[in-house]
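The values are calculated or read from the model by the stated rules, or taken from the named source; none is laboratory data. Worth saying up front: this structure is predicted, and the values here are computed from it rather than measured. Using ideal geometry, Cβ is built from the backbone for each residue, glycine included, and neighbour counts are taken over all protein chains shown.
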Amino acid sequence: MQRIVFLERDTLAPAVRVRRPDFAHDWVEFPKTKASEVVERARGATILIVNKVNIGAETFAALPDLRLIAMAATGTDCIDKQAAAAHGVAVANIRGYATTAVPEHTFALILALARSIGPYRAGVLAGEWQQAAQFSYFSYPIIDLAGRRLAVFGSGSLGGRVAELGRAFGMDVVFAERKGACDVRPGHLAFDEVIETADVLSLHCPLTAETRGMIAIPEFRRMTRRPIVVNTSRGGLVDEVDLEHALDQGLVSAAGLDVTLPEPPPLDAPIMRLARRPNVIVTPHVAWASIEAQQVLADQMIGNIEAFVAGSPRNLVVG
């Protein structure tokens, strides 16, 4: 009989139904699990459900019964995939579940920053409208998106949908080639050209050794149009310390961040200082988290488990 252990049930909202697989099994779940608790809680498990807790080589060695890690997420950077393969453990992830949620959140950030929604709301509550003593006031910048260049980094399903929304707003949408690439793929522009000409940058890339810190002070200094920078992908793609310097120096006009590294960040982290600025919006990694998207994720996760047990594994990152 399969023993399934869900290590992080609280990473899905209580309203999301996680149905049980349609084969004989034991099911155990925990609200949260620290890395130091994994081995004890997962002992005897054949299937682990994981979202963000780290599973390293020593953990795999201590869990000889383990056959599958079913991710409750797309990203697998918390899993030592080389160790998983060495111990014969498959890893299956979630795909294509937030193709509405993440792009909509991305554009919510872009629109709010372009039109200074946050500062104007705060100003109204602080009495600035009354102090202006006229029908309107103009303390914060407002720009139209139509005609502006939207640079999308990552041309997968999420980046593609963001591009569609950008075109609907009348934006000039371009896809950026990978940083340091020698050749430029059809439908893309060279990374440096995009950095230099974008009015809005939207990041939709995985966090890898190649993408870590891909937007840092050298890139900020090349941004001639003082763009809005939005990251709803992975913390670590944007160097937060360098972003703070870029905002101080006026190299970028605003930033919208749904992700950071680590999560949650310490209270004294650079991103927490950034969050207090009127031209910065920080949200707590919720771009993906519409109820609809979470339910699709949960259903797909159980489907991945059922397919693996039935001998027809799908969505394998490690097989």
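Residues that are in contact with a Gly (Cβ under 9 Å, 6 or more places away or on another chain) number at least 1 in the following helices (runs of 4 or more DSSP H) confined to the stretch 204-319: 240-248, 270-274, 291-309. The residues on offer are THR74, THR59, THR100, and the sole one that is among the hydroxyl-bearing types (Ser, Thr, Tyr) and farther than 28 Å from SER290 by Cβ is THR59.
Among residues of the stretch 14-34 being among the aliphatic types (A, V, I, L, M) and surrounded by 13 or more Cβ atoms within 10 Å (Cβ to Cβ), the one that is nearest to the chain's Cα centre (by Cα) is VAL16. Here is a check on your reading of the model: is THR232 of a type in the set (Ser, Thr, Tyr) and under 25 Å from ALA101 (Cα atoms)? The answer is yes for THR232.
Tallying residues that are part of a strand (DSSP E or B) and more than 17 Å from LEU297 (Cβ to Cβ) within the stretch 50-67 yields 1. What are the residues in the stretch 75-115 that are touching a residue at least 60 places away in the same chain (Cβ under 8 Å) and assigned to a loop (DSSP other than H, G, I, E, B), if any? Listed by number, the residues that qualify are GLY75, THR76, ASP77, VAL89, ASN93, ILE94, ARG95, GLY96, TYR97, ALA98, THR99, THR100. Condition check: touching a Gly at 6+ places or on another chain (Cβ under 9 Å), surrounded by 18 or more Cβ atoms within 10 Å (Cβ to Cβ), closer than 17 Å to THR11 by Cβ and not polar (S, T, N, Q). Does ALA72 satisfy that? Taking the combined requirement at face value, the residue does not satisfy it. Scanning the stretch 195-236 for residues that are among the β-branched types (Val, Ile, Thr) and surrounded by fewer than 20 Cβ atoms within 10 Å (Cβ to Cβ) turns up THR197, THR208, THR211, ILE217, THR224.
Considering every residue within the stretch 116-131, establish whether at least one is in contact with a helix residue (DSSP H, G or I) (Cβ under 9 Å, 6 or more places away or on another chain), touching a residue at least 24 places away in the same chain (Cβ under 8 Å), over 20 Å from ILE302 (Cβ atoms) and not assigned by TED's automatic domain parsing to the domain that holds LEU201. No, the stretch 116-131 has no match at all.
The one condition from (1) under 13 Å from the mean Cα position of the chain (by Cα); (2) on the phi > 0 side of the Ramachandran plot that ARG226 does not meet is (1).
Please verify whether PHE175 is assigned to a helix (DSSP H, G or I) and under 26 Å from THR208 (Cα atoms), treating the condition exactly as stated.
No; evaluated as a whole, the condition is false for this residue.
Quick grid of which residues meet (1) part of a loop (DSSP other than H, G, I, E, B); (2) free of Cβ contacts under 8 Å to residues at least 40 places away in the same chain; (3) crowded, with 20+ Cβ neighbours inside 10 Å; (4) touching a Pro at 6+ places or on another chain (Cβ under 9 Å):
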| residue | (1), (2), (3), (4) |
| --- | --- |
| GLY159 | no, no, yes, yes |
| ARG167 | no, yes, no, no |
| GLY180 | yes, yes, no, no |
| ARG185 | yes, yes, no, no |
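Here is the figure for the stretch 42-54: residues that are surrounded by fewer than 17 Cβ atoms within 10 Å (Cβ to Cβ) and touching a strand residue (DSSP E or B) at 6+ places or on another chain (Cβ under 6 Å) total 1. Taking the criterion of being outside any loop (DSSP other than H, G, I, E, B), hydrophobic (A, V, I, L, M, F, W, C) and in contact with a helix residue (DSSP H, G or I) (Cβ under 7 Å, 6 or more places away or on another chain), the residues of the stretch 17-39 that qualify are VAL38, VAL39.
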